[in-house]
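To start, the structure itself, in C-alpha cells.
The values are calculated or read from the model by the stated rules, or taken from the named source; none is laboratory data. Just so you know, these numbers come straight off a predicted model, no measurement behind them. Reconstructed Cβ throughout: ideal geometry from the backbone, glycine too, with neighbour counts over all protein chains shown.
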Amino acid sequence: MTNSWTDIKNTDLVVIMGGNAAEAQPCGFKWVTEAKANRGAKLIVVDPRFTRSASVADMYAPIRQGTDIAFLLGVIKYCIDNDKVQWQYTKAFTNASYIIKEGFGYQDGLFTGYDEAKRDYNRSTWEYEIGPDGFVVADDTLQHPRCVWNLLKKHIAIYTPETVERICGTPKEKFLKVAQMISECSSPTKTMTSMYALGWTQHSKGSQNIRCMAMLQLILGNIGVRGGGMNALRGHSNIQGLTDIGLMSNLIPGYLTLPTEREPTFDVYMSTRGFKPLRPGQMSYWQNYKKFFVSFLKAMYGPAATAENGFAYDYLPKLDVPAYDVLRAFELMHAGKMNGYFCQGFNPLLSFPNRKKLTAALSKLKWLVTMDPLETETSRFWENHGEFNDVDPSKIQTEVFQLPTTCFAEDEGSLTNSGRWLQWHWAGGTPPGESKLDSWIMAQLYLRLKALYQKEGGKVPEPIVNLDWRYKDPGEPSAQELAKELNGSVLEDVLDPNDPTKVVLAKGKQVVSFAVLRDDGKTACGCWIYSGCYNEAGNNMARRDNSDPDDTGAFSKWAFSWPVSRRILYNRASADINGKPWDPTRKLLEWNGTAWTGYDVPDIAPGAKPDVVGPFIMNPEGTARLFTRGMMRDGPFPAHYEPFEAPIANVIAPKIRGNPVARVFKGDMEQFGDAKEFPYAATSYRLTEHFHFWTKHVQINASLQPEFFVEISEQLAKEKNIRSGGWVRVWSKRGSVKAKAVVTKRITPLICDGKTVHIVGIPLHWGFTGAAKKGFGPNSLTPYVGDANIETPEYKAFLVDIEPIVGPVA
Amino acid sequence: MNMELSRRTFLKGASAGLAGTTIGALGFGEAETAYAAAIRPFKLAGTTETRNTCTYCSVACGIIMYSKGNLAKGEKADIIHIEGDVDHPTNRGTLCPKGAALLDYVHAETRLKYPMVRKPGSDKFERVSWDYALDRIARLMKDDRDRNIVEKNNDGVTVNRWTTTGFLAASATTNETAWATYKVVRSAGMVVFDNQARV
Amino acid sequence: MTAYDVESGDNVHPGNPVTVDRYTPGARVNHWITAISLVLLALSGLALFTPALFFLTGLFGGGQWTRTIHPWIGVVLFFSFAGMFLRFWKANLWKSEDGTWMARLRDVLTGHEEKLPEVGKYNAGQKVVFWAMSILIIILITSGFVIWDQYFAQYSTIDQKRVAILIHALAAVAIICVWIVHVYAAIWVRGTIGAMTRGQVTGGWAWRHHRKWLRELVGGKSH
Amino acid sequence: MAFNFELPNPNTKDPKTNLGEADLVRRSASSVPAPARQLTPVAKLIDVSKCIGCKACQSACLEWNDMREPVGINRGVYDNPEDLTPNMFTLMRFTEWVNPETKNLEWLIRKDGCMHCADPGCLKACPAPGAIVQYSNGIVDFVHENCIGCGYCVKGCPFNIPRISQADHKAYKCTLCSDRVAVGQGPACAKACPTHAIVFGTKDEMKKHAEGRIKDLKSRGYQNAGLYDPPGVGGTHVMYVLHHADKPEIYANLAKDPRISPIVELWKGMTKYAGLAAMGAFAVIGLVHHVVTGANRVSPEDEENAKKLTGGRA
C-alpha cells in the first residue's frame, strides 16, 4: 500500500479490481464504507464474479479473468481522449515528456528485441535518450513523436470501448460508465483509490496489471495524495514484513538485491548501483545504496565483515539464475535435484500449482522439515487419505519432521501490515505441549550446525561460524534483541569531521534512522527501511497513541511505519509544483517557503525546493514512470496478453499464447489445456468465512462454510444439467476434483470475441486435515506457470471442464 | 502492557463518540449487586488482558486476549476469549469472521504439541524429543551442504551457493523471527529461499 | 334371539337381592386405565394451559417432566380407550327410544324415570358421553401429535401448529366437561359406581335404569 | 472520531452490572411489580445496505456465547448453518434479487435473529412463570432454569426465531448479549461487525442514525429506503435499514407487517377464560342439581320387580 487502511476514508472513488476487500479484508473494507457514508464516496467493483464487495458497490461491471490490462488501457485511452488528465501532475511528476531512444517499437503484440528461443527481450531500445549533459532529453511541450506521452497514446490507440468489450466481455455501456466515473478523478480535488490483491498478481502478467493501474493513477494525479494511491491489500499478516526483510531467493533486507555470479567482487557489485540522477537536481535516493548494503553486512557478520574483505562480500551466495523462486524450487525437486526442504508455517501442497507435480516432487526429497502450529497437508503429503490424497506411503522414502510451533497468541514481536505499519504484540497464552517459538527453533538449528562445523570442519564454514550471533541467550534470541538489530546501531564512535571533539554517533547506541547509516562499517543495520523502529527513543513499534489531529487518518503516533514513520508514500506529490496542496481540504504537506510542513513525514528532504526536486526520489529521474525503461521483462508499457489457458485467442495478436516472456519449464507447456478440450474459464479465490488453509482447523469457521464447492451460472447449470447443492466433477489437463455445485446469479456468461464464455469459480480453503469436511483445492487443477517478472503462479485464469456426478458415498 | 497509555488516549480520542451511547444510556450510577437470574455472569471479570495482532490478513487488526492466569507474571495462562481492540485505529474493535473465532485457532484440536518424525516408507508419525529432531536435522543439513554447496562456478568466481536444500519462510511469523531466519538461511548459503508473498 | 345390547359377560343371578353382572374384570381394568390417564392428562394439560394452574406441574416433578409425560399419557389413553371402544361401541349405537329419552331429559334430571321409555344397557346420556369421548380423543391425539415438537416438529408449519394447539385446547376443555358429566352421573345415580368397581349392580338398579337390558338378560336365559 | 457508535472494550477489573430483576417490565406466566426506574430503551440497528454478509456476527455470537455449531454440508447456498439453531442465535440469509426496474442483480443479505419486540409473542405464549422476561431497556431474554421446553414461544413468535434444543429441551435465542449490555457494553455481533452495519445504542440514537443512512441511500437512487421498526409488535429493539423498505419480504421473507398471530391471541386469551368458565360451570351445575333433586336411589319396589322378573320363572 502506498497509503494506509485508515486513509481510504479520505477518498471520493474506490475501485476494487483484482481484489475482493469486503470478502478477504472485511475490517479494512470498513474504511470504504466509512468513505461512502461520510464523504458520499462511490464504489466500483470490476470482477468476473458479483462478489461480496460488489454487493455494496454503486457500480459493478463484469470482466473476463485475465483481461484487466485491456480494460485499464481502455480507461486510460478514454481519459486521454476526453482530456480527463491531471495535466500539471502528469507533466511535472511523470516521465511523460521524456524522449525514448530511436528504434523502440511495438507491433503484433511484441516490443522490439524479442527472442522467441530465449522467450526474452533484448531491452536495449527501451531506454531514454540521454543528452550530452548526461541527463534525459525531455520535451515539455509533449510534441516530440518519441516522447513517452505520444508513444503511450500510440500504444493504447487500439483499446477502444468496442475492443475492450470484445476482449473482456464487459458490456460497452458498463465499461463507459466505469471509465466516466474514474475520469472524473482527474480533477485535482477528486481522488480515487485502487484496492487490489491477488486478483491482479496471480497472472502470467500480474506485475503489468498493477503497473497499468498505477499509470492510470498517475495521469489522474492520485499518487501521493490522501484518499488515493495504489493499495495492495496483501493476504497474510506479515507477508509485507517477510518481503521487506528479504526472505526471498534474490533479496537482501530493504529491497537490496543478492549478488549474481556476474558480480564477483564488492566493487563490481556496487559499480552498477551508483544511481546517479537522470535529471538535474534530483535526489536519486538509491545513491545511498552502499551505506545500507555495508550496514547490512555488518549486521550479518559483525567483526568478520571488514573493509579489507569487502565486508565479507564473499560470504553471500551468488545467483546463477534470476531467482530460485518456489516454482523453480519444485521444478528442481521434481527433477530430483534437491534433497532437503524446510516449510516454516507454509503449506505448499495446497499453495502451489499442479498438485500432482508437487506430490511427486516432495516424494523425491530425502528429508522435509515442517514447522507449524497446526497440522498441514504438506507435513502429511505421504499419508493416504483416499481420493483426497491418493498416495502409497511405502513408496515414499522422504524422512519428514513435523515441528510444533507456537502461534500468535503465544509469542511476542512485530508484524508489518499492508499499510507498512510495524505493530508490536505481546504473548498472552501458554503454548500447548512442547510447541516452541520459530526463533527458538532457528537458533537451535543454527547452533547445532555451527557446532558441527566447528567440530568436524567442512565446506565453507566461515559464513556460518562467523555469523554475528551475540545474543544474551544464543539458544533463544529475544524479540527485543532482534528488533534492535533490524533498527541498527553504532559500532564505533563517529566524530564530527569539522570538530573532532564532537561525537556525532556514539558507539553502542541505536541509530535514530537510516539517515545516519554509513558505508565505512561504523554502523550496522539489519534492514535499513525498518531503521527507526527501535531506536534510543525505545520500541516505537509498541507506540499506542491513537490520536489523529484533524481526523486526517494518518495516526502518525501509532506504532511505526516504514520508512521513518511515513504514512503515505510519495506524499510530496500531494502538493503542486509550487508546494501548494492540490486540494486544500485534503492537505497532507505544504511548502512554507523554506521547508515542508504538514501531517506526514515528508518523503523528501525537508528543505528540498518543490520546483527543483521531484517527488519520486527512489527514481534517478525524480519522476514516476509511465514508460518503465528496461525494468520489466515483458514491456515498458503493459500490453494485453491472454492467460496461457484462455477460452479465446488473443484478439490483438492471435499467434501469441500467454505472456511471451513468462518462464515455462520443459514439460509444463505440454500440460496446458486448450479451449476445445476444456471449454470453461476457471478462476480461484478466497471466501470471507475462511483464511487459506488455516481456518478449516477452526471449529467456528468450519461450521460457517463447511464444504468445498464450485460456483457456476444458472445458464451453465442448465446446459450441463447441474443441480445447486448437487455434486460435480471439475477437471483440467492436470487434475480433477469433486465438489458441491453452487448455482448462482452472481456469475453470468460473458460474450468474448463473439463466443459465449462460461466462468467456473473455485474457492481454495479445503484439504484433508482439520475440522471442516475433507475436500480439494484449485491447485489440483492450476497450470505451472508464473508472472514474467516475479513468478507468482497463474491461479486466476485457467481452463476446465465440468460435469454432474453422483455424490461420493461418505 | 501499555494498557494505561492506550486507555487514556482512547478515552481522549473516543469518549466523545461514546458519550450518550450504550454506557450513557445504561447510566452507571447506583450499580446493582446481584445478577438477575436471566443474565449470565460476565465471563471476563478478573481475567488478564493482553494486546495482540490478528494472525490472519494484512489489515492487522488489534485484538485483546483475555486469559485466566497471567503469562507476564509467569503463571500458566489459558486464553478464554479474544475480542477486537477498540483503541486500534484500523479495526476500531471490529473483527471479521476469522478474527472473531481466533479462540478456536488457539485451542484447535489439530494444534501440534510434540515433535514428530515420519521414517522413510512409514505410514505414521512417531513422537521424538526436540534434541533428537534438531540434531538429526542439523546433521542432514551439514551432510547435504558439504556434499553439494557450489564454492566456485566454472569461471572460478566464488559463489558459495547451496541449491540442494531449500527454505520456505512463513507469512505470519514476526519480523524478529524473520530476521533470525534470514541470518541462519543466508549464512548457510541457501538460495532456494522464498516466502508466501510469491503466492 | 340374542339381544342387541347384551354384552359378553352380562349375567343375572336370581336371589335376594337379584344381582346382575354388568362389567367383566377386563372391561373394568380397561376403564380405570383410561380414567386415570384422562385425569392425569387433564391435570398436566391444565398446568400448561394456564399460569393459574402451573403449580400442578409439581405433581409431575416439574415443568420439564410435565411437558415430557403429557403426550405419552395421551398415547396410553388413546390405546386404552380404543380397547373400550371395541367393547362398547355396539351397545352404544343409537336407538329409536334414545330419541324419546333425550326428548324427556327434564324427567331424566328430575328422576321421573317411570315417564321414560325402557332403555337397554346404555341410556342416551351414556351414549352421548361415549361418542363425545371417542370423537374428542381422536381430535386430541391428532392435534397433539402436531404440537409434540420433540419428535414431530418438522412435520408441520408453525401456522399449522398454532391452529393445532388452539384445537387441542378447545377439545381438552370439552372433554373435561364431558368427563364432569360422566362422573357426576355416576355419583348421582346411586349404585352405579359398583358396576365399575365390583362389576355388579342389583336387579333393582337394572330394573330402574336399564329395564330393557334386564328383560333381555332374563329373556336370554330362557333359551 | 471516525465513528460514532464504537463499543468499548470489556472492563475486566470491576464490571458492575446495571441490569437486574428490578428492571423487569414483563415476566412470562406471572407478574412483576412496576420497576422503580425506567432504563433508556436500547436498540440494535442492522443496516442491510452496509452489510457484506461476512458472518462476523455469527462467528462472534458463537464465540461469546460459548456455543459451537456442528460442521454441516454445502446445500448450494452461502447460508450456513442452513437455519437458526439452538446454538446459532443469528444467521445471515442471502437472497439474489434482480431489481425489475434497474435489471441489476442485488445481493440482499439480512442478519436474521431475535427482534426483541416491545410486545413479545414468545413471552405472551410462554406457560412457564419467569422463563421469558422483558427489561425496561427493551431486552427480551430467556431464563433457561425456568424453561420447560414446550415450544409455545416458537408458536408465539411472529418471526420464527426461538429454537428448542434437543440436548437439554430448552428454548434458545439471541439475548442481545444481556450479559454484556448489563455491564455497559454492546452485543458481541455489533462490536465485531467490520463495516459497522450493525450498530448499538439507545433506540432514539439508532433511529436518528437510520435517518442519515436512509438519506444517503435515497441519494444513491434507493427511493424506497427506510427503517424497519414494525408497529404490529409495538416496535422492535432490533431494527433494519432496508434499501427496499416497501417490500421487506424480498429479504428472505422478512415479515411485511408482523404481529402476534390472532390464533395465538385467541388461544392465550378467550380460550383460557372461556375454558375455565365452562369447566367450572359444569361442576357447579352438577352440585346444584344434586342439592335440588337429591340422589337417584333404587327403591325396594325396584328390587321386588327385579325379583319378580327373575323369580317368576323360578
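Quick notes on this one:
- Among (1) farther than 25 Å from A:Thr769 by Cα; (2) more than 7 Å from chain A (Cβ to nearest Cβ) - the single one D:Leu105 does not satisfy: (2)
- Considering (1) assigned to a loop (DSSP other than H, G, I, E, B); (2) within 24 Å of B:Asp85 (Cβ to Cβ); (3) within 13 Å of chain B (Cβ to nearest Cβ), the lone condition that A:Gly526 does not fulfil carries the number (2).
- Looking at A:Asn209, A:Asn231, A:Asn222, A:Asn238, just one residue is of a type outside the set (A, V, I, L, M, F, W, C) and touching a Leu at 6+ places or on another chain (Cβ under 6 Å), and that residue is A:Asn238.
- Top-ranked residue of region A:185-206 - restricted to ones that are within 25 Å of A:Phe93 (Cα to Cα) and of a type in the set (A, V, I, L, M), ranked as surrounded by the fewest Cβ atoms within 10 Å (Cβ to Cβ): A:Met192
- Those residues of region A:268-292 which are in contact (Cβ under 8 Å) with a residue 60 or more places away in the chain and assigned to a helix (DSSP H, G or I), in sequence order: A:Tyr285, A:Trp286, A:Asn288, A:Lys290, A:Lys291, A:Phe292
- Odd one out for D:Ala281 among (1) of a type outside the set (D, E, K, R); (2) over 32 Å from the mean Cα position of the chain (by Cα); (3) buried (at least 17 other Cβ atoms within 10 Å of the Cβ); (4) closer than 30 Å to C:Ala164 by Cβ: (3)
- Top-ranked residue in region D:247-265 [being part of a helix (DSSP H, G or I) and touching a helix residue (DSSP H, G or I) at 6+ places or on another chain (Cβ under 6 Å); ranked as surrounded by the most Cβ atoms within 10 Å (Cβ to Cβ)]: D:Val264
- Flag if B:Asp135 is at the interface with another protein chain (Cβ under 7 Å from one of its Cβ atoms), touching a Ser or Thr at 6+ places or on another chain (Cβ under 9 Å) and either buried (at least 18 other Cβ atoms within 10 Å of the Cβ) or modelled with pLDDT of 95 or more (or both): no
- Count of region C:148-181 residues which are charged (D, E, K, R), more than 20 Å from C:Ala47 (Cβ to Cβ) and facing chain D (nearest Cβ under 7 Å): 1
- From the list A:Gly336, A:Gly340, the one residue that fits, being touching an Asp or Glu at 6+ places or on another chain (Cβ under 6 Å) and in contact (Cβ under 8 Å) with a residue 12 or more places away in the chain, is A:Gly340.
- D:Asp216 vs. criteria over 20 Å from the mean Cα position of the chain (by Cα), assigned by TED's automatic domain parsing to the domain that holds D:Ala125, over 25 Å from D:Thr40 (Cβ atoms) and part of a helix (DSSP H, G or I): yes
- Answer residue from region A:369-386, given it is more than 9 Å from chain B (Cβ to nearest Cβ) and more than 27 Å from the chain's Cα centre (by Cα) and is nearest to A:Gly429 (Cα to Cα) among those: A:Phe381
- Condition broken by A:Ala443, with the remaining ones in (1) surrounded by fewer than 21 Cβ atoms within 10 Å (Cβ to Cβ); (2) at the interface with chain B (Cβ under 7 Å from one of its Cβ atoms) satisfied: (1)
- Leading residue by the ranking (nearest to A:Gly241 (Cα to Cα)) among those in region B:55-81 that are in contact with a helix residue (DSSP H, G or I) (Cβ under 8 Å, 6 or more places away or on another chain) and more than 8 Å from chain A (Cβ to nearest Cβ): B:Ile63
- The set of residues in region A:748-766 that are more than 10 Å from every other protein chain (Cβ to nearest Cβ) and in a loop (DSSP other than H, G, I, E, B) comprises A:Pro749, A:Asp753, A:Gly754, A:His758, A:Leu764, A:His765, A:Trp766.
- Residues that are more than 29 Å from the chain's Cα centre (by Cα) and part of a helix (DSSP H, G or I), drawn from region B:141-172: B:Lys142, B:Asp143, B:Asp144, B:Arg145, B:Asp146, B:Arg147, B:Asn148
- Some residue of region B:106-116 being part of a loop (DSSP other than H, G, I, E, B), among the basic types (Lys, Arg) and either more than 17 Å from A:Ala427 (Cβ to Cβ) or at pLDDT below 95 (or both): yes
- Of the residues screened, A:Gln208 is not one that is over 17 Å from the mean Cα position of the chain (by Cα), among the polar types (S, T, N, Q) and in the same structural domain as A:Arg39 (by TED's automatic domain parsing).
- Residue in region B:174-185 that is facing another protein chain (nearest Cβ under 7 Å) and more than 20 Å from the chain's Cα centre (by Cα) present: yes
- Residues satisfying the stated conditions in region D:280-299, i.e. within 7 Å of chain C (Cβ to nearest Cβ) and within 13 Å of C:Tyr184 (Cβ to Cβ): D:Phe282, D:Ala283, D:Gly286, D:His289, D:His290, D:Thr293, D:Ala295, D:Asn296
- The listed residue being free of Cβ contacts under 8 Å to residues at least 40 places away in the same chain, surrounded by fewer than 20 Cβ atoms within 10 Å (Cβ to Cβ) and within 21 Å of the chain's Cα centre (by Cα), out of D:Gly294, D:Gly286, D:Gly269: D:Gly269
- Any hit, region C:186-204, residues being over 20 Å from the mean Cα position of the chain (by Cα) and not hydroxyl-bearing (Ser, Thr, Tyr): yes
- For region A:315-355, the set of residues classified as more than 7 Å from chain B (Cβ to nearest Cβ), in a helix (DSSP H, G or I) and touching a strand residue (DSSP E or B) at 6+ places or on another chain (Cβ under 6 Å) consists of A:Leu327 only.
- Against the numbered list (1) within 17 Å of A:Ser414 (Cβ to Cβ); (2) in a loop (DSSP other than H, G, I, E, B), A:Val512 comes up short only at (1).
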